[in-house]
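Remarks on the structure that follows.
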Amino acid sequence: MERSPLVVITGPTASGKTRRAVDVARAVGAEIISADSRQIYRGMDLGTGKDLDEYDGVPYHLIDIAPAGYKYNLFEYLRDFDLAEADVRSRGHVPLLCGGTGLYVESVLKGLHLPEVPADAELRRELAAFSLEELTAMLASMKNLHNTTDVDTPQRAIRAIEIARFYEAHPEAACAAAPSPRADAVVVGVDIPRDARRARISARLKARFEAGMTGEVEALLASGVAPDDLIYYGLEYKYITLYVTGRISRQEMYSGLETAIHQFAKRQMTWFRGMERRCHAIHWLPYDMPADEFVAEVIRLMKNA
């Protein structure tokens, strides 16, 4: 039996890619493998937009696999993706990668494999005295900053420097991690105009607050997750944690968060455009394309892969 291609459905936040992935999965007998760096965590539901009801029986993987407060990394994701894809294929189903974390999607498409990089306690103590701006400059002197999430927080920047230092000291590990690009992938992007994207982001944010997103963060804090660990995850968890711990007002939280999500979506699109240059063609389909036409086009692309 001919091996099915890896299907990828990606796009910016609020583009509706999960619904599209579910439609395609039903039509082609696929199981969905998440490419969302925050849906990995249990208890982080409203803030990450898991919307598990939307899957409606379609099997999914790499969601709710780590406790909130944990710092899951790219090495772990690539390891877990490989296991999930093998599991899906063992049942004769199509693996469908869905999500908007560009680093995860691009790393899978590049066929990247990473060695596990151990923590360097001495280096972490040394770097703890530096500001985020200083850490960013330090990291930029070591590598091209394609991944802006590397410098979202001092902790992330320190970890990125730790990894870069490891590769400098162990060039054989860098050789082992050399990518082998996948030729069997069909990559579809959900294309949504800027104004429509902004409107959907704002409406979705309002709905999530009405659904209890602040309470979700309060419950995570009450369960023992440290405030700094939630702030590490950025966006909803950063701003709501700052609000519930009294560091900013509710108005500052809401307006700051709304602006940050719009900026995040813009960065996602910048990443995807860069990904097309660096890695793999993306077939962009309109976000408001009728469901049957969207599915039919993905199937056509699969047949031609």
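Assorted remarks:
- Residue count for the range 34-91, restricted to those that are open to solvent by less than 60 Å² (accessible area, probe 1.4 Å) and closer than 24 Å to Arg156 by Cβ: 30.
- Put simply, of Ala265, Ala260 the only residue that is surrounded by fewer than 18 Cβ atoms within 10 Å (Cβ to Cβ) and either modelled with pLDDT under 95 or in contact with a Lys or Arg (Cβ under 9 Å, 6 or more places away or on another chain) (or both) is Ala260.
- Scoring Thr136 on the criteria (1) in a helix (DSSP H, G or I); (2) closer than 24 Å to Arg19 by Cα leaves a single failure, condition (2).
- Inspection of the range 5-15 identifies at least one residue that is open to solvent by 10 Å² or more (accessible area, probe 1.4 Å), touching a helix residue (DSSP H, G or I) at 6+ places or on another chain (Cβ under 7 Å) and more than 23 Å from Thr214 (Cβ to Cβ).
- Test set (1) assigned to a helix (DSSP H, G or I); (2) without any contact (Cβ under 8 Å) to a residue 40 or more places away in the chain; (3) loosely packed, with under 14 Cβ neighbours inside 10 Å - Thr241 fails condition number: (3)
- Among the residues of the range 268-285, those that are in a loop (DSSP other than H, G, I, E, B) and open to solvent by 20 Å² or more (accessible area, probe 1.4 Å) comprise Cys279, His280, Ala281.
- Residue-level check: of (1) modelled with pLDDT of 95 or more; (2) aliphatic (A, V, I, L, M); (3) part of a helix (DSSP H, G or I), Met289 misses just (3).
The values are calculated or read from the model by the stated rules, or taken from the named source; none is laboratory data. The structure displayed is predicted, hence computed values, not measured ones. Glycine also receives a Cβ, built like all others from the backbone with ideal geometry; neighbour counts cover every protein chain displayed. Side chains included, ligands, DNA and RNA excluded: accessible areas come from the protein's heavy atoms. Shrake-Rupley method; radii C 1.70, N 1.55, O 1.52, S 1.80 Å.
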